[in-house]
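Chemist: There's a structure below that I have some questions on.
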Amino acid sequence: MSIQSKHAKLNAWVKEIAEMTQPEKVVLCNGSQAEYDEMIKICVDGGLAIPLNEKKRPGSVLFSSDPSDVARVENRTYIASKTKEAAGPTNNWIDPVELKNTLKGLYRGCMKGRTMYVIPFSMGPVGSNIAKIGIEITDSEYVVANMHIMTRVGDKVMDVLGSDGEYIECLHSVGKPLAKGETDGGKWPCAPIEQKYISHFPETRQIWSYGSGYGGNALLGKKCLALRIASAVAHDEGWLAEHMLILKITSPAGVVKNVAAAFPSACGKTNLAMLIPTIPGWKVETIGDDIAWMKYGEDGRLYAINPEAGFFGVAPGTSDDSNPSAMRSIEKNTIFTNVGLTEDKDIWWEGIGYDAPGKLIDWKGNEWVQDKGNKEQAPAAHPNARFTAPAKQCPVIAPEWEDPKGVAIDAILFGGRRPSTIPLVHQAKSWNHGVFMGSIVGSEITAAALDLKAGTIRRDPFAMLPFCGYNMGDYFKHWIEVGKKSTEDKLPKIFFVNWFRKTAEGKWLWPGYGDNSRVLKWVFQQCEGTGDFVETPIGKMPTVEAIDRPEGVSAEDMKELLSVDKAGWLKELADVRDNHYPKFGDKLPKELMDFLNSVEKALQA
Ligand code: TSX
Ligand code: MN
C-alpha cells in the first residue's frame, strides 16, 4: 500500500509507514474543499462530530474529545537528541534509539481498520523562502480537517515539493486500532496517557506522535514543527522561531510599525493580536496570534512571517467584550472542540458574555443547566476548549499577513501575569538587555495549580519553555548571537509589559484590553524616537504623562504602574539568581549574568 506521487522518497516513506501501521487504505490529501467536507462527513456519520445550526453557525461543527485527551501533555513530550545535554535542563530527554524502538512497537498495526492520510502542508505562504514544508501522516479525520484550516494543504504544496524537495516527516496516530468490524462508536479515539508520546528528533528533523488526537499533540505543524523543530533549525541557520503574536499598528498619521510579542499561556495573546484601540485614530491589525518566524532581510532588519493559516484559540473567556474580532472570525467554517452545545445547536462557553440560553449539553455529553448560585458547578465547556478558524475570516487581519517576505519587526514585547513588582511597561537599554528580559519572563501561578503556593512565579523564558527543541541555555546564547548580526538602530527595540498589576487589596490597576493601545502608542513613539521617557535602573520608562491615562485610573494608580519598586525588583533578581539561572549551569551566557549584576547594582545605588 502506497501513494504514487512524483516524489520517490515520499512514496518510499509512506510505503514503510503503511507496512508498519497496517491501515485499511492510504489517501494522499489534495487540500480541496470536497476533501474537507468529506472529513467532516465521516466524523458526523461516525458520531464524533455534531453539525451546528446552519443559520447561526454555517459550515461549523462541534467535536468533544475523550476526557483524558484535552490538552498538550508536557510530561509525555520528548526531545530525543543524541545527548541529554543537547535537550537541556528544561526538556524531557530520551535516547532516540530507545524511543524509536518503543514507538515502533506501538505503531505496529496501530492504524488497523482506519484510513491513513498523507497531508502535504506548508508552514508559511506556499513557495515563500521562509516557509517550510511538512508531511503529516495521520489516521485521524479530525487532524486532516484541522490541518486544512491551520496550514496550507495539498496539491499546491506537492507542486513546490516536486520530485526531490525537502520536507519534515511528521508521523501521527491516535493509537487506537480497530478490530474487524469494530467502529469508534461515537467515542473519540486515543490511547491511555502512559502510551502517549509527543516525540521530536531535532537532529533528523522528525516528529513522531502517538496516542493523542488533541491540538498541539496531533496537529503537528504547530507546536511540534513550527516551534520545537523550527527552533532547532533556526539555531543552526541563524534565524528565530518564536512563540509570538505579530501585530501591525498604524498611527493617525498613517505610519506603520510591526510588533512581535511573547507571553506565557493565559495572558491573552490572541486578544492582544486582535486588539481594538481605545485611542482615536490608531489602528491595530493582526498578522498572527501564536508563532513568528523571523529572518534578516538584506537591509539588516528582522522580517517576520506567521507560519500558520488559522487560529487554534482558547474558547472560554472569548466574548464580544474581550475579543470581538475573534468572535467574528468564528461565525462560520469553524471547528469547535469541547465547548457547550445549545438546544438550537449553537455553541456556548463560560465567559462568552451572556448567560447560557436554556439547557445545554456540556463537553462531556451530559445535560447541563446553568446554576449561577453554585460557584462549584462544573463548567459546560472544558477550560481548554478550542476554536479552529481560518485567519482570513478575521475582520482585522492585516493585508500583508500572507506576504511571503514577511513584515519588518520594529519592536518585540515580553510579558507575563505579574500582580506586583513589574511595571506596566519598561524598555531594554540594548538588544542584550532585552535578551535578559526575555530570559526572566514568568507568570504568577494561580492558586488552583496544585502543590505550588500562590505568589510563586513560574518562569517561562521567552514563553518558550514548553516549545524550545534544544538546550535553553544555547537558546539564550543564540538570541545574543542573532543580535550581533545587525546594529542597535536596525534591531527591534525590546520592551517588557505587564497588564496584570493589582493593588494590595487585589483590584486590577490597569483596565487592559483595548486600553493597552495606550502602551502600544508609547512603544510606537519610542521606535520613532518621539516618546517621553526616563532612564531607570531597570531600563527606559515612560514619564507618568507619557501614557494617556484611561478613564477610571487615578493619577496615583498611574504613578504606581509606572514606578520602579526597588525592594520588589531586588527580590525578583535574587529569585532569578538563586532559583532560575542556576538551572542552566555553564550554558548560561555570561552576558545575562552581567545584566543581573549590573541591574542589581543600579537598584542598590
Ligand atoms: O487578554 C487580556 N488582556 C490583553 C488584551 C488585549 N486579559 C485576559 C487574560 C486571560 C486570557 C486581561 N485580563 C487583560 C488584558 O490586558 N487584563 C486583564 C485583567 C483585567 C480583567 C478585567 C478587567 C480589568 C483587568 N475589567 C474590569 O475590572 C471591569
Ligand atoms: Mn501558544
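Chemist: Report the residue count in region 305-324 for those that are more than 17 Å from Lys223 (Cα to Cα) and crowded, with 21+ Cβ neighbours inside 10 Å.
Modeler: Counting residues in region 305-324 that are more than 17 Å from Lys223 (Cα to Cα) and crowded, with 21+ Cβ neighbours inside 10 Å gives 3.
Chemist: If only one of Ala315, Ala266 is in contact with a Lys or Arg (Cβ under 9 Å, 6 or more places away or on another chain), outside the structural domain of Val369 (by TED's automatic domain parsing), within 16 Å of ligand 1 (Cβ to nearest atom) and under 30 Å from Asn366 (Cα atoms), which one is it?
Modeler: The unique qualifying residue is Ala266.
Chemist: Shifting gears a bit: Looking at region 205-240 only, could you name the residues that are within 13 Å of ligand 2 (Cβ to nearest atom), out of contact with any Cys (no Cβ under 9 Å at 6 or more places or on another chain) and not in a loop (DSSP other than H, G, I, E, B)?
Modeler: The answer is Gly215, Lys222, Lys223, Ala226.
Chemist: Looking at Lys132, Lys112, Lys104, which one is crowded, with 19+ Cβ neighbours inside 10 Å and under 25 Å from Leu28 (Cα atoms)?
Modeler: When all the criteria are applied, what remains is Lys132.
Chemist: Within region 549-600, track down each residue that is surrounded by 15 or more Cβ atoms within 10 Å (Cβ to Cβ) and not in a helix (DSSP H, G or I).
Modeler: Selection gives Arg549, Pro550, Val553, Leu562, Val564, Asp565, Leu588, Pro589.
Chemist: When Ile412 is evaluated against the numbered criteria (1) of a type in the set (Val, Ile, Thr); (2) in the same structural domain as Leu272 (by TED's automatic domain parsing); (3) more than 30 Å from Ala546 (Cβ to Cβ), which criterion, by number, is the only one it fails?
Modeler: (3)
Chemist: Here is a list of conditions, (1) closer than 22 Å to Pro542 by Cβ; (2) within 16 Å of ligand 1 (Cβ to nearest atom), and His433 meets all of them except one; can you say which number that is?
Modeler: It is condition (2) that His433 fails.
Chemist: Tell me which residues, restricted to region 461-505, are under 21 Å from the mean Cα position of the chain (by Cα), β-branched (Val, Ile, Thr) and more than 16 Å from ligand 1 (Cβ to nearest atom).
Modeler: Hit for region 461-505 is Ile494, nothing else.
Chemist: Output the qualifying pairs, or none if there are none: Cβ atoms under 7 angstrom, residues six or more apart or on different chains, first residue in region 591-605 and within 13 Å of Thr536 (Cβ to Cβ), second residue not in a helix (DSSP H, G or I).
Modeler: Note: pairs meeting the criteria are Val599/Pro537; Val599/Ile538; Ala602/Pro537; Leu603/Pro537.
Chemist: Okay, next question. Collect the residues in region 102-121 that are free of Cβ contacts under 8 Å to residues at least 60 places away in the same chain and within 27 Å of Val160 (Cβ to Cβ), keeping them in residue-number order.
Modeler: none
Chemist: A further question follows. State whether the residues of region 337-345 include one that is under 26 Å from Gly134 (Cβ atoms) and hydroxyl-bearing (Ser, Thr, Tyr).
Modeler: yes
Chemist: Follow-up. Using the structure shown, decide if Arg458 is within 27 Å of Ala315 (Cα to Cα), more than 19 Å from the chain's Cα centre (by Cα) and not acidic (Asp, Glu).
Modeler: So Arg458 does not fit the description; no.
Chemist: Now, a different point. Tell me, yes or no, whether region 450-459 has at least one residue that is within 16 Å of ligand 1 (Cβ to nearest atom), closer than 30 Å to Gly310 by Cα and modelled with pLDDT of 95 or more.
Modeler: Yes - at least one qualifying residue is present in region 450-459.
Chemist: Output the number of residues of region 496-509 satisfying the condition of being under 14 Å from Gly416 (Cβ atoms) and either among the aromatic types (Phe, Trp, Tyr) or outside the structural domain of Ile538 (by TED's automatic domain parsing) (or both).
Modeler: Residues flagged as under 14 Å from Gly416 (Cβ atoms) and either among the aromatic types (Phe, Trp, Tyr) or outside the structural domain of Ile538 (by TED's automatic domain parsing) (or both) within region 496-509 amount to 3.
Chemist: Pull up region 243-263, narrow it to residues that are in a strand (DSSP E or B) and touching a helix residue (DSSP H, G or I) at 6+ places or on another chain (Cβ under 7 Å), then point me to the one that is farthest from ligand 2 (Cβ to nearest atom).
Modeler: Ranking the qualifying residues of region 243-263, first place goes to Lys257.
Chemist: Of everything in region 242-259 that's surrounded by 23 or more Cβ atoms within 10 Å (Cβ to Cβ) and away from ligand 1 (no atom under 16 Å from the Cβ), which residue is nearest to Ser231 (Cα to Cα)?
Modeler: If we take residues in region 242-259 being surrounded by 23 or more Cβ atoms within 10 Å (Cβ to Cβ) and away from ligand 1 (no atom under 16 Å from the Cβ), then Glu242 is nearest to Ser231 (Cα to Cα).
Every residue, every condition in (1) away from ligand 1 (no atom under 11 Å from the Cβ); (2) more than 29 Å from Ala408 (Cα to Cα), yes or no:
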site: Ala273; (1), (2): no, no
site: Tyr296; (1), (2): yes, no
site: Gly340; (1), (2): yes, yes
site: Glu343; (1), (2): yes, yes
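Chemist: Same structure, new question: Residue by residue through region 260-273, note down the ones that are out of contact with any Asp or Glu (no Cβ under 7 Å at 6 or more places or on another chain) and either surrounded by fewer than 23 Cβ atoms within 10 Å (Cβ to Cβ) or under 16 Å from Gly317 (Cβ atoms) (or both).
Modeler: Matches in region 260-273: Phe263, Ser265, Ala266, Cys267, Gly268, Asn271, Leu272.
Chemist: With respect to Ala356, is the statement that it is crowded, with 18+ Cβ neighbours inside 10 Å, in contact (Cβ under 8 Å) with a residue 24 or more places away in the chain, within 18 Å of the chain's Cα centre (by Cα) and within 29 Å of Ser65 (Cβ to Cβ) true?
Modeler: no
Chemist: Regarding Arg518, is this residue outside the structural domain of Ser322 (by TED's automatic domain parsing) and buried (at least 22 other Cβ atoms within 10 Å of the Cβ)?
Modeler: Yes; evaluated as a whole, the condition is true for this residue.
Chemist: Suppose we filter Ala389, Ala356 for residues that are farther than 30 Å from Met541 by Cβ and assigned to a loop (DSSP other than H, G, I, E, B); which single one remains?
Modeler: Criteria check complete, one pass: Ala356.
Chemist: Could you tell me which of the residues Glu285, Glu298 is more than 16 Å from ligand 2 (Cβ to nearest atom), in a strand (DSSP E or B) and either surrounded by fewer than 24 Cβ atoms within 10 Å (Cβ to Cβ) or more than 16 Å from the chain's Cα centre (by Cα) (or both)?
Modeler: Checking each option against the conditions leaves just Glu285.
Chemist: Hey, can you tell me all the residues within region 401-417 that are crowded, with 24+ Cβ neighbours inside 10 Å and in a strand (DSSP E or B)?
Modeler: Val407, Ile412, Leu413, Phe414, Gly415 - these are the residues of region 401-417 that are crowded, with 24+ Cβ neighbours inside 10 Å and in a strand (DSSP E or B).
Chemist: Follow-up question, since we're still on this one. Quick one: which strands (runs of 3 or more DSSP E) lie wholly within region 436-537 and hold at least 1 residues that are free of Cβ contacts under 8 Å to residues at least 24 places away in the same chain?
Modeler: It comes to 533-536.
Chemist: For region 38-64, how many residues meet the condition of being free of Cβ contacts under 8 Å to residues at least 24 places away in the same chain and closer than 16 Å to Ile119 by Cβ?
Modeler: 1
The values are calculated or read from the model by the stated rules, or taken from the named source; none is laboratory data. What you are looking at is a predicted structure, and each value in this text was computed from that prediction instead of being measured. Neighbour counts run over all protein chains shown; Cβ positions are idealised from the backbone, glycine included.
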